[in-house]
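The values are calculated or read from the model by the stated rules, or taken from the named source; none is laboratory data. Small disclaimer: the values here were computed from a predicted structure and weren't measured. When we count neighbours, we look across all protein chains shown, and the Cβ atoms used for this are built from the backbone with ideal geometry, even at glycine. Please note that ligands, DNA and RNA were not included when accessible areas were found on the heavy atoms of the full protein model with its side chains. Shrake-Rupley method; radii C 1.70, N 1.55, O 1.52, S 1.80 Å.
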Amino acid sequence: MTAPALLRPLEIIATMRGIGGWLDDAEAELLLAAAAYVTRGEGARTFVEIGSYQGRSTVVLGAALRALSPQSRLYAIDPHEGTVGSADQRLNHGAPTFEAFLANIEAAGVSKLVEPVRSLSYETEWSGPIDLLFVDGLHDRLNVERDYRHFAPFLASSAVVLFHDYANYYPGVVAFVDELVANEGWAVAARAASMIMLHRP
């Protein structure tokens, strides 16, 4: 008999810690909470992650779907060229990350729920509704806004949006998110470290 897929946050976070990246435990817990909030009720959900790197956050979201909504899918969008940082401060160029990403989601047992999209966000063709959008690509104002605007027309009315690195060391992220809250009908649902979750009240 196959054991049921249970949501085990401590186990998921322990797995996450073994993967390269910058998501901390509190931020991972908020991702899990957001996934649980979005998947309540019936029906498949669509998650979109912009910026996957080696799969640290991908594994967190994928594990949540495996336990709570295995018919749902996470689209993990990243060119995997190894470039991280902020275009208006400093970009760091490392080795390509796609092979490490694939190995990590396979080892974590979430590869069947994840659709890797090896592309820049704004060059990704899209058509269906999105229930959760996680923006964690480059952290300057131009790129954060471009990431969000490309997918905003597809956000479901009950969708949530999360931004990573909402912190004073990336002022472009802060400025853009604050404008969404002030002018575009979004409200802050929760925060954890540099992660912020928005919803439409």
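Over all distinct Cα pairs, what is the inverse of the mean 1/r for region 147-201, reported as the Kirkwood hydrodynamic radius in Å? Working shown, then result.
Values: mean 1/r = 0.0870 Å⁻¹.
Computed over region 147-201, the radius equals 11.5 Å.
Which percent of the accessible heavy-atom area of the chain goes to carbon and sulfur, probe 1.4 angstrom? Before the final figure, lay out each step's value.
Numbers: 4930 of 9430 Å².
Carbon plus sulfur share of accessible area: 52 percent.
Let's see if you can work this out: charge +1 on each Lys and Arg Cβ, -1 on each Asp and Glu Cβ, no other charges. What is the dipole magnitude of the chain about its Cα centre, in debye to the nearest 20?
It comes to approximately 460 debye.
Using only the Cα atoms of the chain, what are the Rg and Dmax in Å?
Expressed in Å, the Cα Rg and Dmax of the chain come to 15.7, 54.
In a Gaussian network model over the chain where Cα atoms closer than 10 Å are linked, find which of GLU115, GLU42, GLU27 has the largest mean-square fluctuation.
Fluctuation is largest for GLU42.
At a threshold of 8 angstrom on Cα-Cα distance, excluding pairs fewer than six apart, so keeping six or more, what relative contact order does region 1-105 reach in percent?
On the way: 141 pairs, mean separation 29.9, N = 105.
Normalised by residue count, the contact order of region 1-105 is 28 percent.
Rounded if a/c is under 1.5, else prolate if a/b is larger than b/c, else oblate: which is region 45-146, with a ≥ b ≥ c the root eigenvalues of its Cα gyration tensor? The partial results should precede the final answer.
Numbers: a/c = 2.17, a/b = 1.39, b/c = 1.56.
Taking the square roots of the gyration eigenvalues as a ≥ b ≥ c, region 45-146 is oblate.
Within the chain, which whole H helices from DSSP have a Cα span along their axis of at least 15 Å and a mean Kyte-Doolittle hydropathy of -0.5 or more, if any?
Values: long enough: 25-38 (20 Å, 1.04); 56-68 (19 Å, 1.10); 141-151 (16 Å, -1.61); 171-183 (18 Å, 1.12).
Passing helices, by number: 25-38, 56-68, 171-183.
Would you work out which of HIS150, ALA64, ALA26 lies farthest towards the positive end of the dipole of the chain, given +1 charges on the beta-carbon of Lys and Arg and -1 on that of Asp and Glu, about the Cα centre?
It is ALA64, whose Cα lies furthest towards the positive end.
Specify the longest stretch of the chain that does not include any exposed loop site, a site being one of the trypsin sites (Lys or Arg not before Pro) with a non-H, G, I, E, B DSSP assignment and at most 16 other Cβ atoms within 10 Å.
Numbers: sites that count: ARG40, ARG118.
Counting only loop sites that pass the neighbour cut-off, the longest clear stretch is 119-201.
How many nm is it between the label spots at TYR37 and ALA107, if each spot is 7 Å from the Cα in line with the beta carbon?
Computed distance between label sites TYR37 and ALA107 equals 3.1 nm.
So, in Å, what gap is there between the alpha-carbon centers of region 94-169 and region 21-77?
After rounding, the separation between the Cα centres reads 11 Å.
If you build a Gaussian network model of the chain, linking Cα atoms that sit under 10 Å apart, which residue out of ASN104, ASN183, ASN143 swings the most?
Judging by the Gaussian network model, the answer is ASN183.
Need one word for region 1-45: rounded, prolate or oblate. Basis is the Cα gyration tensor (sqrt eigenvalues a ≥ b ≥ c); a/c below 1.5 gives rounded, then a/b vs b/c decides. All intermediate terms of the calculation are to be shown ahead of the outcome.
On the way: a/c = 2.59, a/b = 1.35, b/c = 1.92.
Oblate is the answer for region 1-45, as a/c is 1.5 or above yet b/c matches or exceeds a/b.
Relative contact order for region 91-170 using alpha-carbon pairs under 8 Å, separation at least 6, rounded to a whole percent? Walk me through the numbers on the way to the answer.
Numbers: 55 pairs, mean separation 23.3, N = 80.
This gives 29 percent for region 91-170.
Name the most mobile residue of GLY109, GLY55, GLY137, meaning the one with the largest mean-square fluctuation, in a Gaussian network model of the chain with Cα contacts below 10 Å.
GLY109
So what is the relative contact order for the chain, in percent, with contacts set as C-alpha pairs under 8 Å and at least six apart?
On the way: 384 pairs, mean separation 39.9, N = 201.
Dividing the mean separation by the residue count of the chain yields 20 percent.
For all pairs of alpha-carbon atoms in region 1-105, what percent lies in each bin of width 5 Å, listed from the first bin to the last filled one?
P(r) for region 1-105, in whole percents per bin: 2, 12, 22, 22, 19, 12, 7, 3, 1, 0, 0.
Please give the direction-averaged projected area of the C-alpha convex hull for region 87-166, in square nanometres with one decimal. Walk me through the numbers before you get to the answer.
Working: hull surface 26.2 nm².
In nm², the orientation-averaged hull projection of region 87-166 is 6.5.
Taking 0.36 nm per residue of sequence separation and subtracting the Cα-Cα distance, how much length would be gained by fully extending the chain between ALA156 and ALA5, in nm to one decimal? Before the final figure, lay out each step's value.
Values: separation 151, 0.36 × 151 = 54.36 nm, distance 2.68 nm.
Between ALA156 and ALA5, full extension yields an extra 51.7 nm.
Ordering TYR170, TYR148, TYR37 by how much accessible area each has at a 1.4 Å probe, largest first, what is the list? The partial results should precede the final answer.
Details: TYR170 40, TYR148 5, TYR37 90 Å².
Result, largest first: TYR37, TYR170, TYR148.
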